[in-house]
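Enquirer: Here it is: the structure, laid out below.
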Amino acid sequence: MSNSNTTIYYTEDTDRSAIENKTVAVLGFGSQGHAHAQNLADSGVNVVVGLRKGSSSRAAAEDAGLEVATPAVAAEAADIVSMLVPDTVQPAVYADIKDGLEAGDTLQFAHGFNIHYGQIEPPADVDVTMVAPKSPGHLVRRNYENGEGTPGLLAIYQDSTGTAKEEGLAYAQAIGCARAGVVETTFREETETDLFGEQAVLCGGVTSLIKHGYETLVDAGYSPEMAYFECMNELKLIVDLLYEDGLGGMWDSVSDTAEYGGLTRGDRIVDDHVRENMEETLEEVQNGEFAREWIVENRAGRPSYSLHHQAEQNHDIEAVGEELRQLFAWSEATDAEESEEER
Ligand code: NAD
Ligand code: MG
Ligand code: MG
Ligand code: MG
Ligand code: MG
C-alpha cells in the first residue's frame, strides 16, 4: 500500500542567507502569526506585523517588541508576505495588499485553500510558497523557545525567481520547523489531505462516532454518565497509546478481550458503506464542491454553520460531560494529593 518517495529536509539542508537580509510581513497575529513573527524576529529576520487599524491583536504584537503596520503598508515594505489571517478572510486581505507585491517578492501561506481553489490569483512574477507547521501556533512558539522544533510542510506553487525553495527552507529553519523535519509536498496534496482528514477522521468522523456510540448506549437504557466515560472520556487514553506506539502498541495495552472484540467488530461498525462515504467526501474535496459550498456559506453570513454549531452545543453529551469533567478534575487533584501523602 505504501508508495512513499517523500523528501524531508533538516537544518543542515537550509541556508539562512536565503532569508537573512529580507523583510517578512506577517499578516495576522493569531495562532500561527504570533509564532512565526516572534520566531523569525528571534532568528534575526526583519519582521513587520500587518494588522488592521483597531485590531485587538495590535497590543500583543507591540508588547512582543514587534513593529506593527497596516497589512498594505507591511506588505509594501516586505520581500516575503506571510498570509496568516483566517482562510475565509484571506481573499479580502489579499485585495488590500496585492499592490505591494513587487516582481521577485514571495507570497507565503500556511494552508493551501485559497490558492488551490483559485480564491487568490497572484501575478506570475511573484513566488508562491507554503511553510505550514503541522501544529497549533502556541506549540510552534513554545518548541522554538525550548530550542526544539515543530515538524512542518514545504510546498512551492510558483517559482518565478528560481530560489523559492531555498527561501522557503530558510523560513522553515527560522521558525524552528527544520529542527524537527520539513516534508516536501504540493498545495494540492496539503489542501486536499488536510480537508479530508479533518472531515472524515479527525474532527467529523471521530465526533460522529462518539455521538453514535453514546446515543446507542443511552437509548438502550444505560446511564448517560457511563456512556460518556465509555465513548468520550476513554478515547483520550486510546489516542495517546496510538500516538505513542501505533496500532500495535494500543492493542498490546488493552486486554485480549478488548483486542479480540475490537478486531472482530471494528470493521462491522465502520464498514464498506462508511468507506464509500469517505470516498464521496474525498471526491467533494477534490472536485471543489466542498470549497464552493464553504465560500458561498461565508458570503451568506454562515446560516448553516450557525445551525450545526448550535446543535452540537445542545447535544446531551455536552451537558453530561461538563458536569463530569468538573468532578473528575476535583477527584484527580485529590488522588494526586493523596498519593503524594502516601509517599
Ligand atoms: P487565527 O484565527 O488564529 O488568527 C487570526 C489573525 O488574523 C488575528 O491576528 C486577527 O486579528 C487577524 N485577522 C482576522 N480578520 C482579519 C482581517 N479581516 N484583516 C486583517 N487581519 C485579520 O488564524 P490561524 O489559525 O493562525 O490561521 C492562519 C493560517 O494558518 C490559516 O491559513 C490556517 O489554515 C493556517 N494554519 C493554522 C493552524 C492552526 O493550528 N491554527 C495550523 C496550520 C496552519
Ligand atoms: Mg513588497
Ligand atoms: Mg485544516
Ligand atoms: Mg490538519
Ligand atoms: Mg472499557
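The values are calculated or read from the model by the stated rules, or taken from the named source; none is laboratory data. Here the structure is a predicted model, which is why all the values come from computation and not from measurement. When we count neighbours, we look across all protein chains shown, and the Cβ atoms used for this are built from the backbone with ideal geometry, even at glycine.
Enquirer: Search region 162-179 for residues being more than 16 Å from ligand 4 (Cβ to nearest atom) and under 21 Å from residue 138 (Cβ atoms), and hand back the single one that is surrounded by the fewest Cβ atoms within 10 Å (Cβ to Cβ).
Expert: Applying the filter and picking the extreme gives 179.
Enquirer: Can you tell which of 221, 147, 162 is under 30 Å from residue 270 (Cβ atoms), modelled with pLDDT of 95 or more, out of contact with any Asp or Glu (no Cβ under 6 Å at 6 or more places or on another chain) and in a loop (DSSP other than H, G, I, E, B)?
Expert: So the residue among 221, 147, 162 that is under 30 Å from residue 270 (Cβ atoms), modelled with pLDDT of 95 or more, out of contact with any Asp or Glu (no Cβ under 6 Å at 6 or more places or on another chain) and in a loop (DSSP other than H, G, I, E, B) is 221.
Enquirer: Within region 257-288, count every residue that is under 28 Å from residue 190 (Cβ atoms) and part of a helix (DSSP H, G or I).
Expert: Residues flagged as under 28 Å from residue 190 (Cβ atoms) and part of a helix (DSSP H, G or I) within region 257-288 amount to 13.
Enquirer: Right, something else. Taking region 206-231 as the region of interest, how many residues are within 16 Å of ligand 3 (Cβ to nearest atom) and without any contact (Cβ under 8 Å) to a residue 12 or more places away in the chain?
Expert: Looking only at that region, the number is 0.
Enquirer: Scanning for something part of a helix (DSSP H, G or I), more than 30 Å from residue 107 (Cα to Cα) and among the polar types (S, T, N, Q), does region 236-256 turn up at least one residue?
Expert: yes
Enquirer: OK, next. Only one of (1) more than 16 Å from ligand 2 (Cβ to nearest atom); (2) surrounded by fewer than 21 Cβ atoms within 10 Å (Cβ to Cβ) fails for residue 21. Which number is that?
Expert: (1)
Enquirer: Please give the number of the condition residue 191 fails out of (1) free of Cβ contacts under 8 Å to residues at least 24 places away in the same chain; (2) buried (at least 18 other Cβ atoms within 10 Å of the Cβ).
Expert: (1)
Enquirer: Return the only residue of 132, 155, 124, 103 being small (Gly, Ala, Ser), out of contact with any helix residue (DSSP H, G or I) (no Cβ under 6 Å at 6 or more places or on another chain), in a strand (DSSP E or B) and modelled with pLDDT of 95 or more.
Expert: 132
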